[in-house]
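Asks: Just dropping this structure here.
The values are calculated or read from the model by the stated rules, or taken from the named source; none is laboratory data. On a predicted model such as this, the values are computed, not experimentally measured, just so you know. Note: ideal-geometry Cβ built from the backbone for every residue, glycine included; neighbour counts use all protein chains shown.
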Ligand code: ADE
């Protein structure tokens, strides 16, 4: 996969040289190019922002600097893709970036990210590349421009959000993980349940023993125990996810556990029983 990132703080992306992401870059599985937006400025102060039209606090990133940069960078992103090139702007006022989105984007041959700072990027930039696209005659095409938030909180800029998205996307590229099985059973893949608690040796640590069933060697019982723990944890911490489950896809034991946890499973999706808090 080929990833281009534009930012006024390219140093943020040094962390992507660590661990599995670093290895993926060394092996060529991931080609990451980080561009400094200030390289496309023309004034002595390398300014990238200006006051908001209409008034208000803070500064807004100038469309012209972004456009000069993207006009040059995007044809490189698009070169590796036959499909519509994807351009993503992290934005706290946007749809949530989910595991499903990460899964979809992990199939893309290339993605470009534009990191906004201050009050964000002039809104015309996203509209321009969505509707008019790249100006170069050889690469002329509109882009699949998207905006995503990584959560309901506000960061100082898009850099950390883009690091999060890149990590979530690239670890799903086939061949990225040493053991691909570890992806199959984790939270948010497939059924939206939180992952059960995991333990390692020693089986008793500071007087606390792991649940004895895990050392029983009975795989069916271990699977059932873990599934029940997932249901229990999700019911307590993320009841919104339980409400999304398809009751018809639940087995008899799942139903029994959910009923004991205070859910009514007779409809299409679980609903809280009235006799529980
Ligand atoms: N920029 C600032 N806050 C953000 C968030 N929560 N998600 C994505 N981009 C952001």
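Asks: Checking the conditions here, which among 47, 110, 106 is at pLDDT 95 or above, over 25 Å from the mean Cα position of the chain (by Cα) and on the phi < 0 side of the Ramachandran plot?
Replies: Working: 110 fails: over 25 Å from the mean Cα position of the chain (by Cα); 106 fails: over 25 Å from the mean Cα position of the chain (by Cα).
Only one candidate qualifies: 47.
Asks: Between 173, 242, 183, which is within 30 Å of residue 28 (Cα to Cα) and in contact (Cβ under 8 Å) with a residue 24 or more places away in the chain?
Replies: Sole residue among the options that is within 30 Å of residue 28 (Cα to Cα) and in contact (Cβ under 8 Å) with a residue 24 or more places away in the chain: 173.
Asks: Here's something else I'd like to know. Find all pairs meeting these conditions: Cβ atoms under 6 angstrom apart; at least six residues apart or on different chains; first residue within the range 145-168 and under 22 Å from residue 30 (Cβ atoms); second residue in a helix (DSSP H, G or I) and within 6 Å of the ligand (Cβ to nearest atom).
Replies: Here the result reads 150/161, each pair linking the range 145-168 to a residue that is in a helix (DSSP H, G or I) and within 6 Å of the ligand (Cβ to nearest atom).
Asks: On to the next question. With respect to residue 108, determine if the residue is crowded, with 17+ Cβ neighbours inside 10 Å, within 30 Å of residue 175 (Cα to Cα) and in contact with a strand residue (DSSP E or B) (Cβ under 8 Å, 6 or more places away or on another chain).
Replies: Numbers: crowded, with 17+ Cβ neighbours inside 10 Å: yes; within 30 Å of residue 175 (Cα to Cα): yes; in contact with a strand residue (DSSP E or B) (Cβ under 8 Å, 6 or more places away or on another chain): yes.
Yes: the conditions hold for residue 108.
Asks: Taking only the range 24-43 into account, find how many residues are more than 19 Å from residue 114 (Cβ to Cβ) and within 20 Å of the chain's Cα centre (by Cα).
Replies: So the count comes out to 3.
Asks: May I pose another question? Given the range 103-219, what helices (runs of 4 or more DSSP H) lie entirely inside it while holding 2 or more residues that are over 14 Å from residue 91 (Cβ atoms) and either within 16 Å of the ligand (Cβ to nearest atom) or touching a helix residue (DSSP H, G or I) at 6+ places or on another chain (Cβ under 9 Å) (or both)?
Replies: In the range 103-219, the matching helices (runs of 4 or more DSSP H) lie at 124-131, 159-170.
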